[in-house]
1. Only one of these is surrounded by fewer than 10 Cβ atoms within 10 Å (Cβ to Cβ) and polar (S, T, N, Q): Thr14, Thr4. Name it.
2. Please report, ordered by residue number, the strands (runs of 3 or more DSSP E) entirely within the chain with at least 2 residues that are at pLDDT below 75 and not aliphatic (A, V, I, L, M).
3. Scanning the range 1-44 for residues that are free of Cβ contacts under 8 Å to residues at least 12 places away in the same chain and among the acidic types (Asp, Glu), which turns out farthest from Thr78 (Cα to Cα)?
Amino acid sequence: MAETAVLVIDMMNTYRHPDADALVPNVGKLIEPLTDLVRRARESDDVDLVYVNDNYREITKVRHSAFYSTPLAYLLNTARSTPTYATSR
C-alpha cells in the first residue's frame, strides 16, 4: 500500500430507507467535493483509495465502526498509511 490512503466511509448508499429524505440534502452538498477527491486519488500513483461500507464489497463493516472486525486497521498499520477521511456522518 501507499503511504497515503483515502478512506471513503459510508458513502455508498441507495437511500431507500425511512430517514433518506432527511439525509439527501446534506449528502447532495458532498457529492462534488467527494467526486473530486476520489478522482484525484485514482489518478495518483502514491495514494490508495479504500471504500468502507455496511453493505457493499471492498471492506465491509459488521458494526458501526470501520475498524471493528474488519481488515482496515491491519491494512493501514501494515502500510503505515496516513488516512484521509471522507464520510457522510
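The values are calculated or read from the model by the stated rules, or taken from the named source; none is laboratory data. Source: prediction; values computed, not measured. Backbone-built Cβ (ideal geometry, glycine too); neighbour counts: all protein chains shown.
1. Answer to the selection: Thr14.
2. Values: elements: 4-9, 47-53, 82-87.
In the chain, the matching strands (runs of 3 or more DSSP E) lie at 82-87.
3. Asp21
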